[in-house]
Amino acid sequence: MVTLPAALFGLVVALLIGALFHALRGGSGWRLLLYLGLSILGFALGQAAGIFFGWVLYKFGVLDIGLGVVGGILVLIIGDWLSRIEARKESGV
């Protein structure tokens, strides 16, 4: 069971990951919001994967910070790559 302080600490860590990724990659304010949302999603998925599979990378209290960071970074990289794909303007017919 995750307590409120642990959940808030996890949220802060996830938001820091998103903010650092935005500082490295750059972009507009909308891209910052995208990165923050993706980092929260990835951190939560990393936590869920650690609980489901029984993996532990760097445990800090009830949170596995290591898997949360790995999940956040992976989701950020995939989300950034998908958000930069542009549609073709010409018809292929």
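General observations
- The 1.4 Å probe gives accessible areas that order W30, W55, largest first, as W30, W55.
- Computed over the chain, relative contact order equals 30 percent, with contacts defined as Cα pairs under 8 Å that lie 6+ residues apart.
- The chain: most fluctuating residue of G61, G42, G72 per GNM, C-alpha cutoff 10 Å: G61
- The Cα trace of region 1-76 gives Rg and Dmax of 12.3, 38 Å, the first to one decimal, the second as a whole number.
- Taking amide H as placed 1.01 Å from N in the peptide plane, F60 has its amide H under 5 Å from the amide H of I65, each at least 5 places away in sequence or on another chain.
- Working note: Cα atoms of region 9-50, range along each principal axis, descending, whole Å: 32, 15, 13.
- Dipole size of region 13-93 about its Cα centre, with +1 on Lys/Arg Cβ and -1 on Asp/Glu Cβ: approximately 120 debye, rounded to the nearest 20.
The values are calculated or read from the model by the stated rules, or taken from the named source; none is laboratory data. All of these numbers come straight from a predicted model, not from anything done at the bench. Every residue, glycine as well, gets a Cβ built from its backbone with ideal geometry; the counts of neighbours run over all protein chains shown. We work out accessible area using only protein heavy atoms, side chains counted, and drop any ligands, DNA or RNA first. Shrake-Rupley method; radii C 1.70, N 1.55, O 1.52, S 1.80 Å.
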